[in-house]
Amino acid sequence: MPNQSQELKLSSDEFEIVPLTTDRYEDWNVFCLKSPDAWFWHTTQWLEYTLHYRPELQPRCESFLCMQRGNVAAICPLIAETHASGGETIIEFSYGGDAVPAPAFAEGLSRKSRKAAAHAVFTHIDALAERLQAGRVSFRISSIGPSFWSCQFPRANPLLRLGFNDVSLVTQVLDLALDETHLLREMRKGHRADITRAARILQATVLDRDNVTQERFDSYRLLHHKAAGRITRPRETFQMMLEWIRGGQAILCAATLEDKDVGFAQVSVYKDGAYYSSSCEDPECNHLPIGHLLQWRAIQWLKQHGIRRYEIGAQPFSGQVHSTTSEKELKIGFFKRGFGGHSVAFWRGEKFYSREYCLRVLQDRAKIYAQSTVASKEHGVSMV
């Protein structure tokens, strides 16, 4: 259950800030389904997952609704987490150490009302930051949310207009409106060959709300531990993922070799979009193109169920000052890009509330970036 810090009241003639409590979860999730800005990351299911994901960050829910004359004008998922920095600890608004899903606004708001609601929302965030002595807040905007694709012309990062620094990244999105022949043609030649080869050796099935079982999901959880060489996160977070499948908000693709599970890929499904969330492969079978077949089966299932866009994941073409990248991450991005699609913006923004903390973070980034850039040139890391 969320634990709110002492409530900060911010109300005007038009807007009132109301903290999110469990009795408001249903209204919150109904709003998410209707808001063009909201995706699965905004729901209470993802909120609860994040609150349990990294307990060492001591997460505290500060999420709230922005009400206008009794109606929800906007929602803001928000978690205060404790981060280590320079031998000290500091509060940040983050989501399991990552950026927070940006506030979502009601469908049909006039431009004037949306602007006023945004002012109320971000004023409250700033007031919370002052009260909690937070050092930074970071937000991200989903690249498969309906509003991202609603404009006739390409847009700049909307967070910049709100005073945030741009720390955007790049992600890969597949257009599933294309037929299977076209999708295969867009793939890298090697990927098509690997899918064909894997289909001769492996069996791939999709576990959804109609056929998933606890036993089969436990097989995924145990293989996840084996592949990682350790237990990476609390068991209850895995159980939450199973509940997403049972609720129609995810699927789990499974690959078997001679009746033995050797690979899994979980995909989040919400509205008309999907996101490649998690995967694992048996290290004893890493010579097989398991991931290629799992992704193709996922794509086929998503198409059959009317999903329009599939975000397959980050594309770190090169290290940035705000986001350095490893050779492993470059290879993962190269693998994902092999399925075709388009590289699109992944809007992100950050705002610092402490000059000292800002200076420390930026200095650390500069040092890491300089070291990684030299290392990349020395090792000749380059991928198209």
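The values are calculated or read from the model by the stated rules, or taken from the named source; none is laboratory data. Keep in mind the model is a prediction, meaning the values are calculated, not measured. A quick note on method: Cβ atoms are made from the backbone with ideal geometry, for glycine too, and the neighbour counts reach across all protein chains shown. Surface areas here come from the heavy atoms of the whole protein model, side chains and all, with no ligands, DNA or RNA. Shrake-Rupley method; radii C 1.70, N 1.55, O 1.52, S 1.80 Å.
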Log entry, pairs with first residue in the stretch 53-77 being more than 16 Å from Val121 (Cα to Cα), second being open to solvent by 70 Å² or more (accessible area, probe 1.4 Å) and not in a helix (DSSP H, G or I), beta carbons closer than 6 Å, six or more apart or on different chains, reads Arg60/Asn3
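Go over the candidates Leu109, Leu160 one by one and state the one that is among the aliphatic types (A, V, I, L, M), touching a strand residue (DSSP E or B) at 6+ places or on another chain (Cβ under 7 Å), part of a helix (DSSP H, G or I) and surrounded by fewer than 21 Cβ atoms within 10 Å (Cβ to Cβ). Give the steps one after another, and end with the answer.
On the way: Leu109 fails: part of a helix (DSSP H, G or I).
It is Leu160.
Please determine, by comparing only the residues of the stretch 87-106 that are part of a loop (DSSP other than H, G, I, E, B) and of a type in the set (A, V, I, L, M, F, W, C), which one is surrounded by the most Cβ atoms within 10 Å (Cβ to Cβ). It would help to see each step written out before you state the result.
From the stretch 87-106, those part of a loop (DSSP other than H, G, I, E, B) are 87, 94, 96-97, 99, 102-103, 106; that's our starting set.
Next, from what is left, pick out any that are of a type in the set (A, V, I, L, M, F, W, C): 99, 102, 106.
Working: Ala99: 23, Ala102: 26, Ala106: 21.
My answer is Ala102.
Which members of the stretch 336-352 meet the condition of being more than 19 Å from the chain's Cα centre (by Cα) and within 16 Å of Val173 (Cβ to Cβ)?
Keep residues of the stretch 336-352 that are more than 19 Å from the chain's Cα centre (by Cα), which gives 338-340, 351-352.
Answer for the stretch 336-352, where residues must be more than 19 Å from the chain's Cα centre (by Cα) and within 16 Å of Val173 (Cβ to Cβ): Gly338, Phe339, Gly340.
Given Phe264, Phe238, which one is at pLDDT 95 or above, farther than 30 Å from Ser35 by Cβ and among the aromatic types (Phe, Trp, Tyr)? Step through it out loud before you land on a result.
Numbers: Phe238 fails: farther than 30 Å from Ser35 by Cβ.
None of the others qualify; the one that does is Phe264.
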Residue pairs within 8 Å by beta carbon, gap of at least six or interchain, first lying in the stretch 226-237 and farther than 17 Å from Asp261 by Cα and open to solvent by less than 70 Å² (accessible area, probe 1.4 Å), second at pLDDT 95 or above and in a loop (DSSP other than H, G, I, E, B), listed first then second, are Arg233/Arg54
Arg131 meets each of (1) surrounded by fewer than 21 Cβ atoms within 10 Å (Cβ to Cβ); (2) not in a helix (DSSP H, G or I) with one exception, condition (2)
Expected output for the stretch 102-120 (first residue more than 15 Å from Leu159 (Cα to Cα), partner in a helix (DSSP H, G or I) and open to solvent by 10 Å² or more (accessible area, probe 1.4 Å), Cβ below 8 Å, 6+ apart or cross-chain) is Ala106/Phe31; Ala106/Lys34; Glu107/Lys34
**Request:** For Ile332, indicate whether it is open to solvent by 30 Å² or more (accessible area, probe 1.4 Å), β-branched (Val, Ile, Thr) and closer than 25 Å to Leu223 by Cα.
**Result:** yes
Across (1) modelled with pLDDT of 95 or more; (2) at negative phi; (3) not in a helix (DSSP H, G or I), Gly340 clears everything bar (2)
Of those in the stretch 1-32 that are at pLDDT 95 or above and part of a loop (DSSP other than H, G, I, E, B), the residue nearest to Glu62 (Cα to Cα) is Leu20
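Every residue, every condition in (1) under 16 Å from the mean Cα position of the chain (by Cα); (2) more than 25 Å from Thr171 (Cα to Cα), yes or no:
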| position | (1), (2) |
| --- | --- |
| Pro59 | no, yes |
| Thr82 | no, yes |
| Thr89 | no, yes |
| Glu92 | no, no |
| Pro103 | yes, no |
| Gly108 | no, yes |
| Ala117 | no, yes |
| Ser150 | no, no |
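On the given criteria, is Ala199 in a strand (DSSP E or B), among the hydrophobic types (A, V, I, L, M, F, W, C) and farther than 30 Å from His119 by Cβ?
Criteria not met by Ala199.
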The correct count of residues that are of a type outside the set (Val, Ile, Thr) and part of a strand (DSSP E or B) in the stretch 33-85 is 16
From the option list Arg188, Arg140, Arg155, Arg136, single residue qualifying as open to solvent by 60 Å² or more (accessible area, probe 1.4 Å), modelled with pLDDT of 95 or more and of a type in the set (Lys, Arg) is Arg188
Sole miss for Asp179 among (1) within 21 Å of Trp296 (Cα to Cα); (2) of a type in the set (Asp, Glu); (3) touching a strand residue (DSSP E or B) at 6+ places or on another chain (Cβ under 9 Å) is condition (3)
Taking the stretch 256-282 and keeping only residues that are out of contact with any Lys or Arg (no Cβ under 8 Å at 6 or more places or on another chain), over 17 Å from Thr237 (Cβ atoms) and open to solvent by 40 Å² or more (accessible area, probe 1.4 Å), one is left with Leu257, Glu258, Asp259, Lys260, Lys271, Glu281
For Arg131, the lone unmet condition from (1) farther than 21 Å from Ala314 by Cα; (2) in contact (Cβ under 8 Å) with a residue 24 or more places away in the chain; (3) in contact with a strand residue (DSSP E or B) (Cβ under 9 Å, 6 or more places away or on another chain) is (3)
Considering residues that are open to solvent by less than 30 Å² (accessible area, probe 1.4 Å) and either free of Cβ contacts under 8 Å to residues at least 12 places away in the same chain or not in a strand (DSSP E or B) (or both), the number found within the stretch 343-353 is 1
Scanning the stretch 169-185 for residues that are under 18 Å from the mean Cα position of the chain (by Cα) and open to solvent by less than 30 Å² (accessible area, probe 1.4 Å), the one farthest from Gly340 (Cα to Cα) turns out to be Thr171
